[in-house]
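Notes follow the structure.
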Amino acid sequence: MKFRQFGAFAENLAKGLEFLGIAGVLIMMMVTVIDVIGAKVFLSPLRGSTEIVGFGQVIAISSTLAVGLFFGRHIAIELFVSWLPGRAQKYIHIFISLLGLIFFILLAWQSFNYGMSLKKAGEISSSAYIPFYPFAYVLAFCAAAASLYYINELLHYFSGRSAKNGSS
């Protein structure tokens, strides 16, 4: 697979996961509205709404990690680095990309292991009775997708081209 094809695949995966994040936010909004209307109008709040909103947060945050990286929607402080020569900047960016790759690979691996242990233990939420393990698997998959960003960055650096996000 060529660099461009890999980058396009990873970017399209990130864009697809963004829609999953939007669905997570919409679920949180709908559950909150139903809970408030049910509690205030019908005197019967939605059972497990706090848990459902929490699960929606896991989906919304984890699934937008990769798209935030690919489209530069994250915070990057490069004041000191911008004063350095181009070659030093490149080495620092490679080092940061390696750290990011290691972090997201470890996050994916440990989230997957945690999901397996939750499934084995049969952990469920206390009032909505929703199993926890699928959300750990979602986090693991999304962290693996975010690691593709750093792999793409490193491929660009080592092939002699500047990274996609414009850093040298």
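Return the residues of the range 61-74 that are assigned to a helix (DSSP H, G or I) and either polar (S, T, N, Q) or without any contact (Cβ under 8 Å) to a residue 24 or more places away in the chain (or both); say none if nothing qualifies.
SER62, SER63, GLY68
May I ask you to say which residue of ILE124, ILE102 is of a type in the set (Val, Ile, Thr), more than 22 Å from the chain's Cα centre (by Cα) and either surrounded by 15 or more Cβ atoms within 10 Å (Cβ to Cβ) or at pLDDT 95 or above (or both)?
Unique residue meeting the criteria: ILE124.
Could we say that LEU43 is exposed (fewer than 12 other Cβ atoms within 10 Å of the Cβ), more than 24 Å from ALA145 (Cα to Cα), over 20 Å from the mean Cα position of the chain (by Cα) and among the hydrophobic types (A, V, I, L, M, F, W, C) here?
Judged against the criteria, LEU43 is a match.
Quick grid of which residues meet (1) at pLDDT 95 or above; (2) closer than 22 Å to SER111 by Cα:
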position: ARG4; (1), (2): no, no
position: LEU13; (1), (2): yes, yes
position: PHE19; (1), (2): yes, yes
position: MET30; (1), (2): yes, no
position: GLY38; (1), (2): yes, no
position: VAL53; (1), (2): yes, yes
position: GLN57; (1), (2): yes, yes
position: ILE61; (1), (2): yes, yes
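In the range 86-130, which residues are basic (Lys, Arg) and without any contact (Cβ under 8 Å) to a residue 12 or more places away in the chain?
The answer is ARG87, LYS120.
The values are calculated or read from the model by the stated rules, or taken from the named source; none is laboratory data. These numbers come from a predicted model, not from an experiment. Neighbour counts run over all protein chains shown; Cβ positions are idealised from the backbone, glycine included.
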